[in-house]
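What follows is a set of notes on a single structure, which appears directly below.
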Amino acid sequence: MRRLGLLALLTLSACAGGRPVADFPVKVGAPYRVRGVTYVPAADPTYDMLGYASWYGSESGNRTANGERFRPKWLTAAHPTLPLPSYVEVTSLSTGQRIVVRVNDRGPFAERRRIIDLSRGAADALGLRQGGPAPVRVRLVDPADRDRARLRKGKPARDLPPVDARTLANLRAQLAAGTR
């Protein structure tokens, strides 16, 4: 009887809020095509890219690509090929500020130089909501269990110190030269 009650509770909670926010199962996904471009999801433990980030936030309540309910204030992101979910460190190349976000959706699909779409909450945390696409570094990370748990509940991971001025200048030069 207790098992039946638990099953009913889980079923009701799944119906009310979509898929629970969890780190398993991790989905890589099959190749897919958007606007004439084919994207091939893949696990890439060395993912470290320079490019541009945009943000989105008007889709509140919609489902993400891994079935969770999109919550604009949470620190989440959309990426075209990383497994879902993944965790990435996003560094603003304008300020050097860094945060960890949870990738739970697919995108961006607007232009090649945009490598990630941030939720409104993530864009706010990095100070990127003022203008158009902003220069960033996106690096796959494996955060501590505590940080993962916080991000799954809509809370930020531990604060990261900003990137030092020399490294930031180097990253900006690489992006300008298109060498990464």
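The values are calculated or read from the model by the stated rules, or taken from the named source; none is laboratory data. Just so it is clear, the structure is predicted and the values come from calculations on it, not from any experiment. Because the Cβ atoms are built from the backbone with ideal geometry, glycine has one as well, and the counts that use them run over all protein chains shown.
Within the range 121-180, being in a helix (DSSP H, G or I) and among the acidic types (Asp, Glu) holds for Asp124, Asp145, Asp147. Within the set Ala22, Ala30, Ala14, Ala8, the sole residue that is over 28 Å from Arg112 (Cα atoms), out of contact with any His (no Cβ under 6 Å at 6 or more places or on another chain), modelled with pLDDT of 50 or more and aliphatic (A, V, I, L, M) turns out to be Ala22.
When the criteria are applied in full, Pro41 fails the requirement of being closer than 17 Å to Lys155 by Cα, more than 11 Å from the chain's Cα centre (by Cα) and surrounded by fewer than 22 Cβ atoms within 10 Å (Cβ to Cβ). Of Pro45, Pro80, all but one fail to be without any contact (Cβ under 8 Å) to a residue 60 or more places away in the chain, within 30 Å of Asn170 (Cβ to Cβ) and assigned to a loop (DSSP other than H, G, I, E, B); the exception is Pro80. Return the pairs, sorted by first residue and then second, in which the second residue is surrounded by 13 or more Cβ atoms within 10 Å (Cβ to Cβ), the first residue lies in the range 157-169 and is under 12 Å from Leu93 (Cα atoms), the beta carbons are less than 6 Å apart, and the residues are 6+ apart or on different chains. Within 6 Å, the pairs are Pro162/Gly96; Pro162/Gln97; Val163/Thr91; Val163/Gly96; Leu168/Gly96.
Asp147 meets each of the listed conditions (1) in contact (Cβ under 8 Å) with a residue 24 or more places away in the chain; (2) under 25 Å from Gly178 (Cβ atoms); (3) over 12 Å from the mean Cα position of the chain (by Cα) apart from (2). In this structure, does Arg120 turn out to be in contact (Cβ under 8 Å) with a residue 12 or more places away in the chain, among the charged types (D, E, K, R), touching a strand residue (DSSP E or B) at 6+ places or on another chain (Cβ under 7 Å) and crowded, with 18+ Cβ neighbours inside 10 Å? Judged against the criteria, Arg120 is a match. Restricted to the range 48-73, and to residues there that are small (Gly, Ala, Ser) and assigned to a loop (DSSP other than H, G, I, E, B), the residue that is surrounded by the fewest Cβ atoms within 10 Å (Cβ to Cβ) is Ser58.
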